[in-house]
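Engineer: Below is one structure. I have some questions about it.
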Amino acid sequence: MLVQLETPVMAQDDSQTMSENVFRRIQAAIVKGEIAPGSKISEPELARTYGISRGPLREAIHRLEGQRLLVRIPHVGARVVSLSHEELIELYEIRESLEGMACRLAAERMTDAEIEELRQVLHTHERDAAFQAGVGYYQQEGDFDFHYRIIQGAGNRTLTQMLCGELYQLVRMYRIQFSATPNRPRQAFAEHHRILDAIADRDGELAELLMRRHIGASKRNIARHFPDGAPQSRGES
């Protein structure tokens, strides 16, 4: 007797591909601020916008909740995360400590070739049009992200999982939202160069100190834009 599959294998593959594609597109829209923090997520509207059925869409939404980009509120539904001033400061305190550690380990463990690749990442950032115009800092993810490459270079899987896993896109979201304060892009670029020089000199203690100062400056920048605990305008991280 033939057993009929509930869903053909090809249909499963198509569904998974569609879910992955819509997940990446919604993720990018949230991180870049195209879907604003606090926005209510309408499944019917998203299904129409992306031309996808509700099943793959719900799978994508579930993954975005796992990345803390969406939060589900009882009797309301899913909304784009909107961190309070206190929650943002807590997030940056975590970054300050853990990325400082990552920087120290990277100075000890990155190969010369990896350090040269990191230098090329900064060359790419310097050539970016938004940076040249002084209106923002280069914000591509993964291997083109200066912070990401340092975390990877630390060679600590637990640290990488913490900073490049659940928290990564949430951190990127706020780094992008706070990336247009006048003069901050060039200040951040100069700070990145000093961090790179310390790593290249294999000075882990200095590299950690500079990274902590760099993220601390971003934390203070956030505090200036939240004088009463509510968002006022945009800055950098």
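The values are calculated or read from the model by the stated rules, or taken from the named source; none is laboratory data. For clarity, every value in this text was computed on a predicted model and none was experimentally measured. Positions of Cβ are generated from backbone atoms using ideal geometry, with glycine treated the same way; all protein chains shown enter the neighbour counts.
Engineer: Within the range 48-63, does at least one residue satisfy the condition of being closer than 18 Å to GLY77 by Cα, in contact with a Phe, Trp or Tyr (Cβ under 7 Å, 6 or more places away or on another chain) and modelled with pLDDT of 90 or more?
Structural biologist: Checking the range 48-63: at least one residue is closer than 18 Å to GLY77 by Cα, in contact with a Phe, Trp or Tyr (Cβ under 7 Å, 6 or more places away or on another chain) and modelled with pLDDT of 90 or more.
Engineer: What pairs can you find where one residue is in the range 21-34 and surrounded by 19 or more Cβ atoms within 10 Å (Cβ to Cβ), the other is among the polar types (S, T, N, Q) and assigned to a helix (DSSP H, G or I), and their Cβ atoms are less than 6 Å apart, with a gap of 6+ or different chains?
Structural biologist: Taking only residues 6 or more apart or on different chains, the pairs are VAL31/GLN169.
Engineer: I've got another one for you. Among the numbered criteria (1) at pLDDT below 90; (2) assigned to a helix (DSSP H, G or I), which single criterion is violated by ALA180?
Structural biologist: (2)
Engineer: Give, as residue ranges, the helices (runs of 4 or more DSSP H) completely inside the range 24-133 that count at least 2 residues that are closer than 23 Å to MET162 by Cβ. Spell out the reasoning first.
Structural biologist: Details: elements: 43-50, 54-66, 85-109, 112-127, 129-132.
So the answer is 54-66, 85-109, 112-127.
Engineer: Tell me, yes or no, whether the range 140-151 has at least one residue that is more than 25 Å from PRO37 (Cβ to Cβ), of a type in the set (Lys, Arg) and at pLDDT 85 or above.
Structural biologist: The first filter runs over the range 140-151 and keeps only residues more than 25 Å from PRO37 (Cβ to Cβ), leaving 143, 149-150.
With of a type in the set (Lys, Arg) added as a condition, the list becomes 149.
Going one step further and asking which of them are at pLDDT 85 or above, we end up with 149.
Yes, some residue in the range 140-151 is more than 25 Å from PRO37 (Cβ to Cβ), of a type in the set (Lys, Arg) and at pLDDT 85 or above.
Engineer: Do we have ARG175 as of a type in the set (Lys, Arg), assigned to a helix (DSSP H, G or I) and either modelled with pLDDT under 95 or assigned by TED's automatic domain parsing to the domain that holds ARG68 (or both) here? Give the derivation first.
Structural biologist: Values: of a type in the set (Lys, Arg): yes; assigned to a helix (DSSP H, G or I): yes; either modelled with pLDDT under 95 or assigned by TED's automatic domain parsing to the domain that holds ARG68 (or both): yes.
So ARG175 passes the test.
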